[in-house]
Amino acid sequence: MSTGGQVSGVGHRWALRTAVAGTVFIAGGAFWLSFNALADLAARSGIEPGQAWVWPLIVDGIIVVATVSAVALAGQRAAWYPWALLAGGALVSVMANSLHAVVAADADVPGVLAASVAAVPPVVLLAITHLTVILTRTIQSTTTESRTPASGPTVEDDPQASPGPVLDGVSY
């Protein structure tokens, strides 16, 4: 239940698990849609069909790795780098997916509409990742503030502890 305007630890864990699961689900869908479009674009751009599948792994792979890194490093100074890689990778993915949509679009669909639809997955991935990091930080700070000395050490008690995300009371 709620005490003092704060959601209980169970509520925090539930919210964080839901956000992380949603992020993973959306990332999987975005990767799948983007992978097919980017592989086709690579093949249309002269990369041999047997090798064209590697290009989307590179483009979207950096998004996946940077996403995991941004969440893991949330609240730390070093988090700027995975966020920069995530933004750069997403920009390349958005542009390439949009260009593919224009090249491969049915004549009945305006190119701008096709490009806009194709841009949605990487844009949503950026937005949902940022939302998950915000939720992780909020839950971590609320969990840390609500601890009492009897509940065990906090991040502040251990100078070597990582101020990363907290899931089920474990700091990552």
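Here is how the numbers come out for the structure above:
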item: Search result, residues across segment 99-109 that are surrounded by 12 or more Cβ atoms within 10 Å (Cβ to Cβ) and either modelled with pLDDT under 90 or more than 20 Å from Gly29 (Cβ to Cβ) (or both); result: Leu99, Val102, Val103, Ala104, Ala105, Val109
item: Cβ-Cβ under 9 Å pairs, at least 6 apart or on other chains, segment 107-119 side farther than 27 Å from Ala87 by Cα, far side surrounded by 13 or more Cβ atoms within 10 Å (Cβ to Cβ) and of a type in the set (A, V, I, L, M, F, W, C); result: Val109/Ala101; Val109/Val117
item: Test for Ala19: is it surrounded by 18 or more Cβ atoms within 10 Å (Cβ to Cβ), in contact (Cβ under 8 Å) with a residue 12 or more places away in the chain and not in a helix (DSSP H, G or I); result: no
item: Test: residue in segment 26-47 that is of a type in the set (Val, Ile, Thr), part of a helix (DSSP H, G or I) and more than 23 Å from Ala115 (Cβ to Cβ); result: no
item: Residue list for segment 56-87, filter: farther than 19 Å from Leu131 by Cβ, surrounded by fewer than 20 Cβ atoms within 10 Å (Cβ to Cβ) and not β-branched (Val, Ile, Thr); result: Leu57, Gly61, Arg77, Ala78, Tyr81
item: Residue under evaluation Ala74, criteria (1) at pLDDT 90 or above; (2) at negative phi, criterion not met; result: (1)
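Listed here are the residues, each with its yes/no results for (1) of a type in the set (A, V, I, L, M, F, W, C); (2) touching a Pro at 6+ places or on another chain (Cβ under 9 Å); (3) outside any helix (DSSP H, G or I).
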{"site": "Arg13", "(1), (2), (3)": "no, no, no"}
{"site": "Val24", "(1), (2), (3)": "yes, no, no"}
{"site": "Ile58", "(1), (2), (3)": "yes, no, no"}
{"site": "Ala66", "(1), (2), (3)": "yes, yes, no"}
{"site": "Val71", "(1), (2), (3)": "yes, yes, no"}
{"site": "Ala90", "(1), (2), (3)": "yes, yes, no"}
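The values are calculated or read from the model by the stated rules, or taken from the named source; none is laboratory data. Only a predicted model underlies this, so the values are computations on that prediction, with no experimental measurement involved. Positions of Cβ are generated from backbone atoms using ideal geometry, with glycine treated the same way; all protein chains shown enter the neighbour counts.
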